[in-house]
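Following: one structure in structure tokens, then a few remarks.
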Amino acid sequence: MKDDARVPPEGQRIQVELPEKESEGIYSNLALITHSPSEFVLDFARLLPGAPKAKIFARIVTTPMHARALLDTLEKNIKMFEDKYGKIKVVGVPENKEIGF
């Protein structure tokens, strides 16, 4: 059996159900990401101005393969967004500078 046997063929349509409660969405302004050799854990939280701690409202646990697919999909969608609406400015990061040391 091939490794990608459970991945739908390119272009295959998948029906997705969106229950009413989930359709409301959850606002998050902070994401915390941890990982092990077998999984990535994404915690989505809200940090309120002046509050000493954040509260996690959703946790997604996924495989490294799906984490990579999510990253690729986000990159494509951010590019499409910026092509249509202009570059997204990130507060606190000087333009044309990399984050880090």
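The values are calculated or read from the model by the stated rules, or taken from the named source; none is laboratory data. Since we're looking at a predicted model, the values are computed, not measured. Here Cβ is always computed from backbone atoms with ideal geometry, including for glycine, and neighbour counts include all displayed protein chains.
Worth pointing out:
- Selection within the stretch 49-85 - touching a Leu at 6+ places or on another chain (Cβ under 8 Å) and of a type in the set (S, T, N, Q): Thr62
- Count of residues meeting criterion [assigned to a loop (DSSP other than H, G, I, E, B) and either surrounded by 10 or more Cβ atoms within 10 Å (Cβ to Cβ) or at pLDDT below 95 (or both)] in the stretch 28-51: 8
- Residue check for Arg46: in contact with a Ser or Thr (Cβ under 9 Å, 6 or more places away or on another chain) and within 21 Å of Glu24 (Cα to Cα): yes
- Cross-chain or 6+ apart pairs with Cβ under 9 Å, the stretch 63-86 first and more than 20 Å from Ser38 (Cβ to Cβ), then outside any helix (DSSP H, G or I): Ile78/Ile88; Phe81/Ile88; Glu82/Ile88
- Contacts under 8 angstrom Cβ, first residue in the stretch 1-21 being under 18 Å from Leu70 (Cβ atoms), partner modelled with pLDDT under 75 and assigned to a loop (DSSP other than H, G, I, E, B), 6 or more apart: Ile14/Pro8
- Residue that is out of contact with any His (no Cβ under 8 Å at 6 or more places or on another chain) and at pLDDT 90 or above, where the choices are Lys76, Lys97: Lys76
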